[in-house]
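> Mind having a look at this structure? Questions to follow.
We did not get these values from a lab; they are worked out from the coordinates using the rules stated. What you are looking at is a predicted structure, and each value in this text was computed from that prediction instead of being measured. Virtual Cβ from ideal backbone geometry, glycine too; neighbours counted across all protein chains shown.
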């Protein structure tokens, strides 16, 4: 689109193409596709710039949507509210920019590699008899992933960051298993991921400059 001074995304459209979003693609994968397409479109417009400017059309006022600004709060998983599909969409959308975050034993954890849970794992007796407790964490030894309960289903975590990058097996051996050994009488619900509540970001106050005569 044509740029207008001191305004964003409001200029006339000089060239436009519709691109289907590949299923389960991440923002980084989509960025690579759109970058190539955008570069080719830009070259096409520049080759015929006078004609492109003359044929520019104004953006429609109807159907306009505004994407929310991505912040650290966007990456905080709400286990009781979000379904597995919602969490995976969030992961594909912002995971490359801000890793999804959660809380475990007062420690902030960043989830680096999320995977969908195979049906064969879901049929495991260890899960079928398990009460649905959002945030509950179980280590699945055969697949070497952490299974985390969401509002409706389970997601898998292959790696995370707690002080340093850990595989699911590292986290189990270094944290989960020792915790259960130390708290042998504890219920699984006491050892779960919780929603990280970040304090609201303070707005910066603009300083007023008063001219003294």
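> Nearest 10 degrees is fine. How inclined is helix 84-94 to the longest principal axis of the chain, computing both from alpha carbons?
Its long axis makes an angle of about 50 degrees.
> Between residue 40 and residue 15, what length in nm is gained on full extension when 0.36 nm per residue of separation is reduced by their alpha carbon distance?
7.9 nm
> Sort 133-144, 113-124, 50-61 by packing, meaning the average of other beta carbons within 10 Å per residue, with the highest value first.
So the peptides 133-144, 113-124, 50-61, ranked by packing, come out 133-144, 113-124, 50-61.
> So what are the range 73-190's ellipsoid semi-axes, whole angstrom, largest first, if each one is the square root of 5 times an eigenvalue of the alpha-carbon gyration tensor? Could you put the intermediate results ahead of the total?
Numbers: eigenvalues 84, 61, 38 Å².
The equivalent ellipsoid of the range 73-190 has semi-axes of 21, 17, 14 Å.
> Hey, another quick one. Highest mean first, what order results for 71-83, 34-46 on Cβ atoms within 10 Å?
Per-residue mean Cβ counts within 10 Å order the peptides as 71-83, 34-46.
> Label 7 Å along Cα→Cβ of residue 72; the range 100-124 residues with amide nitrogen under 13 Å?
What the label zone holds, given the 13 Å backbone N cut-off, is 101-102, 108-110.
> Let me ask you something else. Report, in degrees rounded to the nearest 10, the 0 to 90 angle that the Cα long axis of helix 27-47 makes with the longest principal axis of the chain.
Relative to the chain, helix 27-47 is tipped by roughly 10 degrees.
> Could you rank the peptides 87-97, 181-191, 21-31 by their average count of other C-beta atoms within 10 Å per residue, with the highest value first?
Working: 87-97: 16.9, 181-191: 10.3, 21-31: 11.9.
Ranked by mean Cβ neighbours within 10 Å, highest first: 87-97, 21-31, 181-191.
> For residue 161 and residue 30, what does the FRET efficiency come to when R0 = 22 Å and r is the distance between their Cβ atoms, rounded to the nearest 0.05?
0.35
> Antiparallel as a % of all DSSP beta bridges within the chain, to the nearest 5?
Counting only bridges with both partners in the chain, antiparallel ones make up about 95 percent.
> Quick check on the range 140-196: take the gyration tensor over C-alpha atoms, sort the square-rooted eigenvalues as a ≥ b ≥ c, and tell me if it's rounded (a/c under 1.5), prolate or oblate.
Rounded shape, in that the Cα axes give a/c under 1.5.
> Could you tell me the relative contact order of the chain? Use alpha-carbon pairs under 8 Å, at least six residues apart, and round to a whole percent. List each step's numbers first, then the result.
On the way: 250 pairs, mean separation 39.7, N = 213.
Contact order relative to length: 19 percent.
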